[in-house]
1. Does segment 32-61 hold any residues that are within 15 Å of Lys84 (Cβ to Cβ), part of a helix (DSSP H, G or I), within 18 Å of the chain's Cα centre (by Cα) and small (Gly, Ala, Ser), and which are they?
2. Please tell me if Thr179 is of a type in the set (Ser, Thr, Tyr) and out of contact with any strand residue (DSSP E or B) (no Cβ under 8 Å at 6 or more places or on another chain).
3. Can you spot a residue in segment 171-181 that is modelled with pLDDT of 90 or more, among the β-branched types (Val, Ile, Thr) and within 16 Å of the chain's Cα centre (by Cα)?
4. Of all residues in segment 17-31, how many are within 18 Å of Met97 (Cβ to Cβ) and either among the aromatic types (Phe, Trp, Tyr) or not in a loop (DSSP other than H, G, I, E, B) (or both)?
5. Identify all residues within segment 96-113 that are modelled with pLDDT of 90 or more and either of a type in the set (A, V, I, L, M, F, W, C) or out of contact with any Lys or Arg (no Cβ under 7 Å at 6 or more places or on another chain) (or both); write none if there are none.
6. Go through Val90, Val21 for me and flag whichever is at pLDDT 95 or above and of a type in the set (Val, Ile, Thr).
7. Under the condition of being at pLDDT below 95 and surrounded by 18 or more Cβ atoms within 10 Å (Cβ to Cβ), which residue from segment 9-18 is nearest to Val167 (Cα to Cα)?
8. Out of all the residues in segment 131-141, which are closer than 13 Å to Gly172 by Cα and over 16 Å from the mean Cα position of the chain (by Cα)?
Amino acid sequence: MKKIIGLTGPTGSGKSTFGSVAEKVGIRVINCDAVAKAVSQKAEIMAALAKQFGQDIIKDGALLRPLLAERAFSSPDNTEKLNKIMLPAVVNEIKSMLGDDTVILDAPTLYESGLDSECDTVVAVLASEKLRKERITERDSLTDKAAKRRLSAAKPDSFFEGRADYVIYNDGDEQEFKTKTIALLREITEEN
């Protein structure tokens, strides 16, 4: 039976690992960040971003994503401004990608975008802030200050815990998390 599974959680929690496990067991994953990156290259979106965050975020017709991220994630208010520009276009693109198969929407802003209303069930991946900070510092080559700023702009765990149908914690070792992911995916996809 076709299902749309929302996958969300704060940055560095382990959504990508969850998604890679899902792909290995044959579930298609739509990476909403990748969709957003593609959408952000559209001329009308770049113009709106430049108007909000400064013309210097565009150089030679290309979006300077690190500079945009620095400004957009500097406060929850600026993150909200980014979301108001990006999310409607991203949602439209994602809806066009849905098919007749079971799919996971890997979407950090699942609730903010309203995409949760398209989902049959939602999984939130959570991890300690200390571990998330280590992960995003390494993954995104961030300074300690930039990592703290990005984490402070994120929603608290309680935001996800109070909304998701399932919560999975990624504070142990990677193999343990992968095993828990497979078990949870089996439970979700075998439900009627």
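1. Scanning segment 32-61 gives a single hit, Ala36.
2. yes
3. No - not one qualifying residue is present in segment 171-181.
4. The initial filter retains those residues of segment 17-31 that are within 18 Å of Met97 (Cβ to Cβ), namely 19, 22-23, 26-31.
From what is left, the residues that are either among the aromatic types (Phe, Trp, Tyr) or not in a loop (DSSP other than H, G, I, E, B) (or both) are 19, 22-23, 28-31.
The total comes to 7.
5. Once the filter is applied, which keeps residues that are modelled with pLDDT of 90 or more and either of a type in the set (A, V, I, L, M, F, W, C) or out of contact with any Lys or Arg (no Cβ under 7 Å at 6 or more places or on another chain) (or both), segment 96-113 yields Ser96, Met97, Leu98, Val103, Ile104, Leu105, Ala107, Leu110.
6. Every option except Val21 fails the conditions.
7. Looking at the filtered set, the residue picked out is Gly9.
8. Start the filter on segment 131-141 by keeping residues that are closer than 13 Å to Gly172 by Cα, which leaves 131-132.
Within segment 131-141, just Leu131 meets the criteria.
The values are calculated or read from the model by the stated rules, or taken from the named source; none is laboratory data. All values reported here derive from a predicted model rather than from experimental measurement. Methodologically, a virtual Cβ is constructed for each residue, glycine included, from the backbone with ideal geometry; neighbour enumeration extends over all protein chains shown.
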